[in-house]
Structure formats: C-alpha cells, structure tokens
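Asks: What follows is a structure written as structure tokens; I'll ask about it next.
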Amino acid sequence: MARWSGARRTEIQRLPIDCLDRYPDGTPRLRLSGRKTYRERVVPLHEDAAAALQTVIDLRENAPERPFTDERTGEEIRYLFMSHGKLLSTYYLFETPIQGACKAVGLVRPGGRGGTGRGTVSAHRFRHTVGTQLAERGAKLHTIMKVLGHTSVSMALVYAQVSAQEVLRDHRAVLGPGATIAGPAAEELRTGALPDTSIDWLKTNFFKTQLELGRCLRLPAEDSATRHDVGRVLAGGEAYTRPRHHKKGTKPRRTG
C-alpha cells in the first residue's frame, strides 16, 4: 500500500472499509482521508496493491467492531485496520514488519534495540520513492502534489531533483554518440570539406557583422562603462569612435 500509493502512515492506518473502488476504465483507485491536510484525495493504485487490499477488506467486511465517529466531519466510519475495537498502531502496521524484513535480508545498520541493528528502510522511504519516480518519469508538479497530498509547491519540489543516473541518461539521449552538435555545416568544418566560397562568405559577412556590432572588440578586462560607452567600428577602412561621455542619440565623430 505504502509503496504504490505514496500515502502517509496515518492515512493508511485510518483507511475506511470502503476505501477501494475503480476508475471508469477499470484502474483501481484509493480514497485517502487526508489526515494532515484535512482533504480527501483519490489516487490510482497498482493492481498488486489493490488485490492485497481487497483481501483485507473481504476479511473485515462482517467484522463486529462498531463504527467510529470522525471528529472533523461527524461521520460514522468503519476503519479497515482494527482489532478488538481499537485502531491498529502505525508501529504494528509498519515498523514491526519492515524491521523484520530488513533484518531477514541483511539491510541493517549498527544500533537498534539490543544492538541487533536497525533496518535501513522506513515507511516514509516508500512515499519518497513514489514521488521520486513520478518526477523522474516527467510527471507534472501538480500531479505529484495530488498523489502525495501536498498543499505547498516547495514540498513537492523536493522530489523534482533529478538523480545522477537520470542526468546521464538524458545527456546520452541528446549529446551521445551520433548526436548533432551544431548546424548542417558543422561536420564539413570539422573535416575541412567546406568550400572556399563558403569560408570567404563567412569572413566577409559573419565576422564583419560581429565587428560592426562591436562584440569582438570588447575585452573582459574593460569595465562596464568602457564596454557600453566605447566602440570602434571597422567600415570601409575608416574607424569610428564614440567619446566616453558622448550624448546618446547624436552621430559619432569621424576620425579616420
């Protein structure tokens, strides 16, 4: 449930018996009460999780426990995870089985009760996994917020940080072997196959244009005032200069 829904522990703990239904196309969906945000939300659910949840629902369908009154809405609710008239604790539902599974497969770190080690996986890890996978598969930010029940964009942005493997995959897809690194003439430039006429055109048009705009004559060491107020233009063999404090809108002074 936690792995496929991204629900909080308390949301799963307080699932009502009628929490599971389906979308019109047959996809299972889960109704979550939203204990933290005070808003009910509906999220899609994996078929494996839906099948396991339906098994628990069938077992609890005719349970003798009386319904509880929701303190917020006043509704009578029959909770799914109950025993002897009480809600099962999150420790019983999550901590105990997760820690047991971690120790069974050796996913432990030093510490824990009696020095036996503590599992490296927590219930919240499943929720974080759902958010991360949604972000890495290109899900919209609002979709992540809807699934995880976030009301703040900043909380959902935590999951939008792309992993190193995702960066490597995207880089290879765009800039890997065989990728186009520049325009159509890039390969001809690299191999020296570009005709002399094309090179002459670049020299007489492209480079000249750059000079006329002053972009090639501004040195990094020049201060901002010099870069903006001083320009030299090569045109027809004559040099044009603009005094540093020349009034804007007037013609430059011919010096050549």
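The values are calculated or read from the model by the stated rules, or taken from the named source; none is laboratory data. Everything numeric in this text was worked out from a predicted model, so none of it was measured. FYI the Cβ positions are ideal-geometry reconstructions off the backbone, even for glycines, and counts take in every protein chain you see. What goes into the accessible areas is simple: the full protein's heavy atoms, side chains included, and nothing from ligands, DNA or RNA. Shrake-Rupley method; radii C 1.70, N 1.55, O 1.52, S 1.80 Å.
Asks: Which count do you get for residues in the range 140-163 that are under 9 Å from the mean Cα position of the chain (by Cα) and crowded, with 16+ Cβ neighbours inside 10 Å?
Replies: Of the residues in the range 140-163, 3 are under 9 Å from the mean Cα position of the chain (by Cα) and crowded, with 16+ Cβ neighbours inside 10 Å.
Asks: Within the range 38-72, count every residue that is part of a loop (DSSP other than H, G, I, E, B), more than 27 Å from HIS142 (Cα to Cα) and open to solvent by less than 60 Å² (accessible area, probe 1.4 Å).
Replies: Filtering the range 38-72 down to residues part of a loop (DSSP other than H, G, I, E, B) leaves 38-40, 45-46, 61-67, 70-72.
Narrowing the set further to residues that are more than 27 Å from HIS142 (Cα to Cα) leaves 61-67, 70-71.
Then drop every residue that is not open to solvent by less than 60 Å² (accessible area, probe 1.4 Å), which leaves 63, 65, 67, 70.
The qualifying residues number 4.
Asks: Go through the residues of the range 146-154 one by one and say whether even a single one is in a helix (DSSP H, G or I) and without any contact (Cβ under 8 Å) to a residue 60 or more places away in the chain. Give the steps one after another, and end with the answer.
Replies: Going through the range 146-154, the residues in a helix (DSSP H, G or I) turn out to be 146-148, 153-154.
Right, trim to without any contact (Cβ under 8 Å) to a residue 60 or more places away in the chain and you get 153-154.
Yes, the conditions are met somewhere in the range 146-154.
Asks: Within the bounds of the range 73-85, is there any residue that is open to solvent by less than 70 Å² (accessible area, probe 1.4 Å), in contact (Cβ under 8 Å) with a residue 60 or more places away in the chain, under 24 Å from GLY119 (Cβ atoms) and of a type in the set (A, V, I, L, M, F, W, C)? Break it down into steps so the answer makes sense when it comes.
Replies: Let us first name the residues in the range 73-85 that are open to solvent by less than 70 Å² (accessible area, probe 1.4 Å), namely 74, 77, 79-83, 85.
If we keep only those that are in contact (Cβ under 8 Å) with a residue 60 or more places away in the chain too, we end up with 77, 79-81.
Narrowing the set further to residues that are under 24 Å from GLY119 (Cβ atoms) leaves 81.
Filter once more, keeping what is of a type in the set (A, V, I, L, M, F, W, C): 81.
Among the residues of the range 73-85, at least one is open to solvent by less than 70 Å² (accessible area, probe 1.4 Å), in contact (Cβ under 8 Å) with a residue 60 or more places away in the chain, under 24 Å from GLY119 (Cβ atoms) and of a type in the set (A, V, I, L, M, F, W, C), which makes the answer yes.
Asks: Name the single residue that is nearest to LEU30 (Cα to Cα) among those in the range 115-139 being outside any helix (DSSP H, G or I) and under 8 Å from the mean Cα position of the chain (by Cα). Break it down stepwise before answering.
Replies: Looking only at the range 115-139, we keep the residues that are outside any helix (DSSP H, G or I), and these are 116-122, 137-139.
Retained after the next criterion (residues that are under 8 Å from the mean Cα position of the chain (by Cα)): 138-139.
Working: GLY138: 22, ALA139: 19 Å.
Top of the filtered list is ALA139.
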